[in-house]
1. Scan (1) surrounded by 10 or more Cβ atoms within 10 Å (Cβ to Cβ); (2) more than 39 Å from the chain's Cα centre (by Cα); (3) not hydroxyl-bearing (Ser, Thr, Tyr) for the single condition VAL110 breaks and write down its number.
2. Go through (1) modelled with pLDDT under 90; (2) surrounded by fewer than 10 Cβ atoms within 10 Å (Cβ to Cβ) for THR72 and report which single condition fails.
3. Within region 7-22, is there a residue that is under 53 Å from the mean Cα position of the chain (by Cα), of a type in the set (D, E, K, R) and assigned to a helix (DSSP H, G or I)?
4. Does THR82 satisfy being polar (S, T, N, Q) and surrounded by 10 or more Cβ atoms within 10 Å (Cβ to Cβ)?
Amino acid sequence: MTHHDDQVESLKTLRTYTDRVVEDLKEYIDAKITDRDDSVKSAVDAMNERLAGMNEFRNSLRDTQTNYMPRTEYDARHQQITDQINSLSKLVYTGMGLILALEFLLKFFVK
């Protein structure tokens, strides 16, 4: 074998080695990309699940806000009802007082 043949053989060996290294790197990079894609998909799925929960909470909060009256409105209505009860109580007590007074007076006249 001549010196030229040795160089050609060395270049073929180097080429084979380089091709194998490139192929190994390609497989490694493809595996990393696949792992990254799987991780991103899992993260997106987890985020969508969390957002769905947040949307459910937001809808529940919106329903609560539309179904229940605000505190100021409750206080105003409660005060209105309290005033009406107090007015009716005064009317009842006044009526009872008049009946008792009438009964007392009738006891003197009816004998």
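1. Looking at each condition in turn, VAL110 falls short on (1).
2. So THR72 meets the others, but not (1).
3. Restricting attention to region 7-22, the residues satisfying the condition of being under 53 Å from the mean Cα position of the chain (by Cα) are 20-22.
So of that shortlist, the ones also of a type in the set (D, E, K, R) come out as 20.
So of that shortlist, the ones also assigned to a helix (DSSP H, G or I) come out as 20.
Within region 7-22 (the criterion being under 53 Å from the mean Cα position of the chain (by Cα), of a type in the set (D, E, K, R) and assigned to a helix (DSSP H, G or I)), the answer is yes, since at least one residue qualifies.
4. Numbers: polar (S, T, N, Q): yes; surrounded by 10 or more Cβ atoms within 10 Å (Cβ to Cβ): yes.
Spelling it out, THR82 is indeed polar (S, T, N, Q) and surrounded by 10 or more Cβ atoms within 10 Å (Cβ to Cβ).
The values are calculated or read from the model by the stated rules, or taken from the named source; none is laboratory data. Keep in mind the model is a prediction, meaning the values are calculated, not measured. Positions of Cβ are backbone-derived with ideal geometry, glycine not excepted, and every protein chain shown enters the neighbour counts.
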